[in-house]
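Trainee: The structure is given below, and queries will be raised subsequently.
The values are calculated or read from the model by the stated rules, or taken from the named source; none is laboratory data. Please read these numbers as outputs of a predicted model, since none were measured by experiment. Don't worry about glycine lacking a Cβ; one is built from the backbone with ideal geometry, like all the others, and counts go over all protein chains shown.
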Amino acid sequence: MTRRKVGLIAILVVLILLGAGGFYWYSANGRTPSYRTAAVERGELLSTISSTGTLNAVVTVQVGTQVSGTIQQLLVDFNSPVKKGMLIARIDPSIFDAKVNQAQGDLENSRLGLEPAGRGGQGPSRPREQQGKRGPPGRGPPRCQDQAGLTYSAF
């Protein structure tokens with residue numbers, strides 16, 4: 001062999017040995033876990049978690065109602081456990097009471113518009129002298145006054 005080949009082989013062997021030694025030293029010293037010991041003490045435990053993102057519920061339940069309206073009283077709090085049939089809220093009944101009174105007024109109004117049983121189907125229930133007459137100015141005919149009075153009494 002020539003001197004030049006021997007020199008190249010020697011340099012190659014030295015480089016291989018240096019690479020193997022560096023790999024051994026890095027894996028032995030850099031990867032070992034380090035432990036720190038301390039005496040046991042009483043004190044406050046402090047833990048802080050910081051995160052960003054969107055939170056999603058594990059279980060989501062759709063809740064619906066048969067009627068809608070203004071809530072008068074809410075009987076459960078946010079994230080309160082509820083069971084089937086449990087009363088959750090009370091709806092303000094004033095709107096529904098007004099609708100019932102309106103319907104009763106409409107019923108009474110339609111009863112006033114019917115003929116009495118003794119007339120035998122010979123015309124409207126108002127006497128002929130009141131038909132077509134107007135009341136005081138600005139109030140409308142008597143039939144409209146009756147309807148307005150019934151509607152007013154419904155509220």
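Yes or no, residue by residue, for (1) touching a Pro at 6+ places or on another chain (Cβ under 6 Å); (2) under 30 Å from Ile95 (Cβ atoms); (3) surrounded by 10 or more Cβ atoms within 10 Å (Cβ to Cβ):
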site: Gly22; (1), (2), (3): no, no, yes
site: Thr37; (1), (2), (3): no, no, no
site: Ser50; (1), (2), (3): no, no, no
site: Val61; (1), (2), (3): no, yes, no
site: Gln72; (1), (2), (3): no, yes, yes
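Trainee: For the subset of the range 76-116 comprising residues that are within 28 Å of the chain's Cα centre (by Cα) and among the hydroxyl-bearing types (Ser, Thr, Tyr), which member is surrounded by the fewest Cβ atoms within 10 Å (Cβ to Cβ)?
Mentor: The residue in question is Ser80.
Trainee: Note down all Cβ pairs under 7 Å where the first residue falls in the range 86-108 and is more than 15 Å from Ser68 (Cβ to Cβ), the second is of a type in the set (Lys, Arg) and surrounded by 14 or more Cβ atoms within 10 Å (Cβ to Cβ), and they're at least six residues apart or on different chains.
Mentor: none
Trainee: Name every residue in the range 81-137 that is at pLDDT below 85, among the basic types (Lys, Arg) and part of a loop (DSSP other than H, G, I, E, B), in order of residue number.
Mentor: Those that are at pLDDT below 85, among the basic types (Lys, Arg) and part of a loop (DSSP other than H, G, I, E, B): Arg126, Arg128, Lys133, Arg134.
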